[in-house]
Each structure stands twice: as structure tokens, then as C-alpha cells.
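One structure is given here, and the rest of the page talks about it.
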Amino acid sequence: MSAAIETRALRKVYGDKVVALDALDLTVPEGEFFGLLGPNGAGKTTTIGILTTRIRATSGEAMVAGANVATRSADARRRIGVVPQRPNPDRGLRVAENLVFHATYFGVPRAVAAKRADELLERFGIADKKDGKVDALSGGQQQRLMIARALIHEPRVLFLDEPTVGLDPQARLAFWDLLREVHGQGRTIVMTTHYMEEADQLCDRIAIIDHGKLLALDSPAKLKERAPGDTIVDVTLDGEADPLMAAAQSAPGVTRAEARGPMLRVFTARVGEAVPAILALAESGGRRVNDIHLSRPSLETLFISLTGRKLT
Amino acid sequence: MTEAMATVSPLRGFGAILLRDITVVRREIVSFLVRTTVQPILFCVVFGYLLPMMGIIPRGFTTMMVPGLIALSLTLSAVQSVSLPMITDFGYTREIEDRLLAPIPIPLVAVEKIVSGIIQGFIAAAFVLPCARLIIGPIPGLSFHDIPLLILITLLGGAAFSALGLLLGTGLPAQQIGLMFSIIIAPMMMFGCIYYPWRGLDAVPVLKYLVLFNPLVYASEGMRAAVTPGVPHMPVPVVIVALIVTTAVFLWLGLRSFMKKAVS
């Protein structure tokens, strides 16, 4: 099976020093639902930007659907569909026209485009808004219009850049169903997200990136197996956590402890034992506990152990 | 599914994007005409009708002014029909993305905007001319002796000012677009030989040579050559070369600025 996407030592430096992407090597086989997971500023949007020919790489190579994005960018664009982070419909045009015109930019005959537009609008539940202005659509409806637009010229690879940011939970679930359906038709999908659950639910494989570097790449199940067996307990105190760290290290049930500013991070396999011990420790030190957060062994704890920071 | 698609020519995508612009303009034709022709038409009313009626300026003045007003409406519409959409297109949501994703070389997306600007310039100029005739009455010395020249000047003027619109629309920060009119367009209008022929500036030699940097001068003088040959005007070859050079310079600068915004 050929690769839908292949990057070699992809690097992007903004200005002279901001390294957004550092020697990224990725291979996405055709038909895969691929997730790029990382916190803000990790390099996700830059990666998508390069693969969709909107950003020029500083060095390295990227092939999308068999076309080099630097030297044959028009060919690459012909084979991809892109759903942007923020819906950007063409406001000069009506809802259905947004689809029909976009298809004609790709050489799809108008009549064919109109028929496909009707089908897509029907399937995505916005057929009744067909002749309306795009501004009359809700956020969720606009996002569905964007995915319809990205599909109307029947691309081989679909790119989505944090497509569910700003959607309410119900709209998000509906959007997931839609993506599963699109993927079911055999299309390759590359999606960035900083929602752990989204990546877990949808993706065949997930790449975790941060500071422009690939930290881990595997199926959600395999990645979860790699997650540290401990639950992570973050205890936020009313001041620096450092003085408590040594005592926390040796508290019952605690495997390891770290201090990060006012936050005491404790790794434990026995939450029921460790939490009361830490709270007692804080109290005896005359400290107030402002917040406690538990992360069970999951993609999230793996992510935290890899990057040192939370996703959101 | 891709082999048939691979043979689609860039020209087809270009045509489709042009059709998109024509659809949008047709839908907003009234506001488009108001935006670009009200000013020249009001000039017609005041300088072509009121002042001559009052005897403050001689009737012959209109003969000098009408070609300038056609050039003005051509200029205003061409500059605005490229610069204003560019500002929305590259604004917060980057509406232009759906065209930048078209499988054609990206500079063609900008060139399309210029073609669209030329078409809109034609429409505005063709609208103002009969309006002027209607308001002013018979205009002595107005003749359509050289239609091909009239079309050529409109085409070249439209191209030069659409390219200027591309440069301004992509080069200026969006919040400063109001400045574009007061700092660039207004002086261009006043020193664009709209209300007087270039030869008239013999009286002020310094200005006579300074205004040569103003591309509107060549559009106005070219229009004079095309529709009021009796009024003194620059030689046609000079006008044509100047408009071509202007178009080339603005197009080069405009494309550079467009590409900077389109691909980072």
C-alpha cells in the first residue's frame, strides 16, 4: 500500500529562531485516520500548513498523495481537502454556492458539482439552508459546511485542523459520527486536536508532538499501554510546593513526586493511600490546598510524562 | 478517481474563480455602482451643469472634464474592486483560503482578481459616460472616432489600477485602509489631470513634471485622446507605454505582497 503522506526531516523556522517544526518524519498509509496530538504551539498547525501547501518548509521534504508539496503544489492541492481551524466560508456566496464554486475551481463540471452539493448538504443536515446566507448558519452548521466543501472535489486525503474547537459537546459528537462515515469510505484523514478523547475515539494512530518534535507514534491502545502505570495527582498549594517535595517522596503509596511552582505532582499506584497522606502533609506544614486533580493512566498521563505539560 | 482530474488545466480553475467574482459583483451591482460612480456623477452635476449654468465657468470646460471623469470612475472602481475584497479575504477568517486551495498556481489567484478589476472598471466607465451626457447635455467636441483606442485605454487603465489595488489591499494593514483614500487616492484625483489637460500645467512647470509619477494622468490623457481629440493631450504612444510600465511595476509589487500573505 502506498503512503498518503510522507515527510522527511521536515523543519520550519519562523524568522531566524522560532523553531516550529524540527526534523519531523511521518508516514501515513493510505486509508488511515491519523491524529496529531499536542498542546498549543506544538507544531501541529505548522505541519498541516506545510502538508496543505499553505506554509513553506524551511528544509526537508513532504509528499502528499504522491506529489511533492514544494515542487508540485498544485498537484498536491488537487488531491486534498482542508477543513480549517475556524470556519472560513466565502461570505459573498450562498450556502450551496460555497460548495458548487469550490468544486468548479477543481474542474468539476457545474452540473456534477450541483448534484454533489445537494447530496452533501442533505447528508450533513443543512439542506434547508441551501440558498441562505452563510452567516445565517450556526457554528456547528458552518463547520459541517466546511467539511462538505473539503469533500466536494473528492480528495484522497482530508485534513482537519482542530475541527471541533468551539463546538458544543452535542455538535462535537455529531461531528465525530460524520468523520467516521467519511473515513469509512476509504479516505485518508489527518486531524490535529488537543482533545485526548477525540484522538482516542477516532484515530487509528496518533502522533504526539511537542516543540516541533515527534515524541510518540502508535495506536491509541498501544500508547495507553505505554502510559506510566501510576495515577498522577496534581495538588495545587497556596505557595511554592518545593519545601514539601522531600517529605512527599517518602509518603505512603507515593512512587515519585515533583514540584512545579505551587503544584506538587505525585505519581502513585495507590491513590487511596497517597492522597490522604499528601493532604495531611500539607496540613502539618501549615499549607492550604487549593486544588486537586487526578489523571488516571491514559493517553493523558502518557502525554504528561512525555511533555511535562497538560494538553489544555 | 484522480487520473481524469490530473489533466484539468489551470485555465479552467482560473475561469471558475473569475465566474465566482462575476456572480458576486452581479449580486451587488447597485452598491458597486454607488461606490464607484457617485463621485464622478456628482462632479458632473456641479462642474458640468451647475457652474456653467451660473456662468462661473465656461461651457467648454465640460469637454476637458468628461474624459477625466471617465478615467476617474475607471480608477476608483478598479482600485476598490481589488483592494477591498483583498482586505476581507485576508482578514480574520481568511476567506480566500478556498481559492488558494484551488489546484492552480497561486499567483493566478491574484491575476484573476486583476482581470475581475478590469471588468468592473469597464462597467463603471461605461455607466458614467451616458450619465455625464444626460446631466451635462450635448458635450462639444466629444466624439467616438476611435473605439479601439477607447477600449485599449480602458483596458490598460483598468489593469494599472487593479494592480495598484492588489498592492494596496495586500500591503496596507486592514485598519489603515481608510488612509488609502485620504493619502493616496485623494491626491491622485486632484493631480490626475482629471479637470484640466496636462498641457495646462505649462503654467506651473514643477507640478507638470511631478504629476508624471501619477498614473491617473496617463489614463485621463489617454481618454482625452480617445474621446475628445480636439483637447490637447499627450501623444498616444507615450500614454500606452506609461500605462504598461505602471501595470508591470504595480503587478510585480502587488504579486510579491500577495504571495507573502498567501504562503508563509
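Points worth noting:
- Scanning the range A:146-173 for residues that are part of a helix (DSSP H, G or I) and in contact with a strand residue (DSSP E or B) (Cβ under 9 Å, 6 or more places away or on another chain) returns A:M146, A:I147, A:R149, A:A150, A:L151.
- Residue in the range A:89-107 that is farthest from the other protein chains (Cβ to nearest Cβ), counting only those that are over 11 Å from A:L145 (Cβ atoms) and of a type in the set (V, I, T): A:V100
Per-residue answers, yes or no, for (1) touching a strand residue (DSSP E or B) at 6+ places or on another chain (Cβ under 6 Å); (2) farther than 26 Å from A:A114 by Cα; (3) at the interface with another protein chain (Cβ under 10 Å from one of its Cβ atoms):
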{"site": "B:S9", "(1), (2), (3)": "no, no, yes"}
{"site": "B:R26", "(1), (2), (3)": "no, no, no"}
{"site": "B:L50", "(1), (2), (3)": "no, yes, no"}
{"site": "B:V79", "(1), (2), (3)": "no, yes, no"}
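- Residue satisfying condition, being surrounded by fewer than 18 Cβ atoms within 10 Å (Cβ to Cβ) and either within 13 Å of another protein chain (Cβ to nearest Cβ) or at pLDDT below 90 (or both), within set A:R86, A:R116, A:R79: A:R86
- Among the residues examined, A:R11 does not qualify as within 10 Å of chain B (Cβ to nearest Cβ), of a type outside the set (D, E) and out of contact with any Lys or Arg (no Cβ under 8 Å at 6 or more places or on another chain).
- Residue, nearest to A:F175 (Cα to Cα), within the range A:117-144, restricted to residues that are aliphatic (A, V, I, L, M) and under 25 Å from the mean Cα position of the chain (by Cα): A:L120
- The range A:174-226 - residue that is under 23 Å from A:K12 (Cβ atoms), charged (D, E, K, R) and in contact with a strand residue (DSSP E or B) (Cβ under 7 Å, 6 or more places away or on another chain) and, of those, surrounded by the fewest Cβ atoms within 10 Å (Cβ to Cβ): A:K213
- Those residues of the range B:218-232 which are of a type outside the set (A, V, I, L, M), out of contact with any Cys (no Cβ under 6 Å at 6 or more places or on another chain) and either surrounded by fewer than 12 Cβ atoms within 10 Å (Cβ to Cβ) or touching a residue at least 40 places away in the same chain (Cβ under 8 Å) (or both), in sequence order: B:Y218, B:G222, B:R224, B:T228, B:P229, B:G230
- When we screen B:P235, B:P215 for residues that are loosely packed, with under 13 Cβ neighbours inside 10 Å, of a type outside the set (S, T, N, Q) and at pLDDT 90 or above, the only hit is B:P235.
- Residue that is farthest from B:M223 (Cα to Cα) [pool: residues in the range B:133-150 that are under 22 Å from the mean Cα position of the chain (by Cα) and surrounded by 15 or more Cβ atoms within 10 Å (Cβ to Cβ)]: B:R133
- Residues (of a type outside the set (S, T, N, Q) and buried (at least 21 other Cβ atoms within 10 Å of the Cβ)) located in the range A:51-62: A:L51, A:R54, A:A57, A:A62
- Residue count for the range B:83-121, restricted to those that are buried (at least 22 other Cβ atoms within 10 Å of the Cβ), touching a residue at least 60 places away in the same chain (Cβ under 8 Å) and either touching a strand residue (DSSP E or B) at 6+ places or on another chain (Cβ under 6 Å) or not in a helix (DSSP H, G or I) (or both): 4
- A single entry from A:E273, A:E300, A:E283 fulfils the requirement of being in contact with a helix residue (DSSP H, G or I) (Cβ under 7 Å, 6 or more places away or on another chain) and assigned to a helix (DSSP H, G or I): A:E300.
- Residue under evaluation A:V69, criteria (1) hydrophobic (A, V, I, L, M, F, W, C); (2) in contact (Cβ under 8 Å) with a residue 12 or more places away in the chain; (3) over 23 Å from B:L108 (Cα atoms), criterion not met: (3)
- Inspection of the range A:15-35 finds a residue satisfying the criterion of being closer than 13 Å to A:L214 by Cα, charged (D, E, K, R), touching a strand residue (DSSP E or B) at 6+ places or on another chain (Cβ under 9 Å) and surrounded by fewer than 14 Cβ atoms within 10 Å (Cβ to Cβ).
- In this structure, A:P297 does not qualify as out of contact with any His (no Cβ under 6 Å at 6 or more places or on another chain) and over 30 Å from A:Q201 (Cβ atoms).
- Residue count for the range A:31-63 satisfying the condition of being within 12 Å of chain B (Cβ to nearest Cβ) and either at pLDDT below 90 or in contact with a Lys or Arg (Cβ under 9 Å, 6 or more places away or on another chain) (or both): 10.
- Spans of helices (runs of 4 or more DSSP H) in the range A:180-266 with at least 3 residues over 30 Å from A:L281 (Cα atoms): A:196-202, A:220-226
- Residue match in the range B:142-151 (condition: of a type in the set (F, W, Y), away from chain A (no Cβ under 14 Å) and touching a residue at least 60 places away in the same chain (Cβ under 8 Å)): yes
- Any chance B:L100 is hydrophobic (A, V, I, L, M, F, W, C) and away from chain A (no Cβ under 12 Å): no
- Some residue of the range B:28-49 being touching a helix residue (DSSP H, G or I) at 6+ places or on another chain (Cβ under 9 Å) and farther than 25 Å from B:F181 by Cβ: yes
The values are calculated or read from the model by the stated rules, or taken from the named source; none is laboratory data. Quantities reported herein were computed from a predicted structural model and do not represent experimental measurements. So basically every Cβ, Gly included, is an ideal-geometry build from the backbone, and we count neighbours across all protein chains shown.
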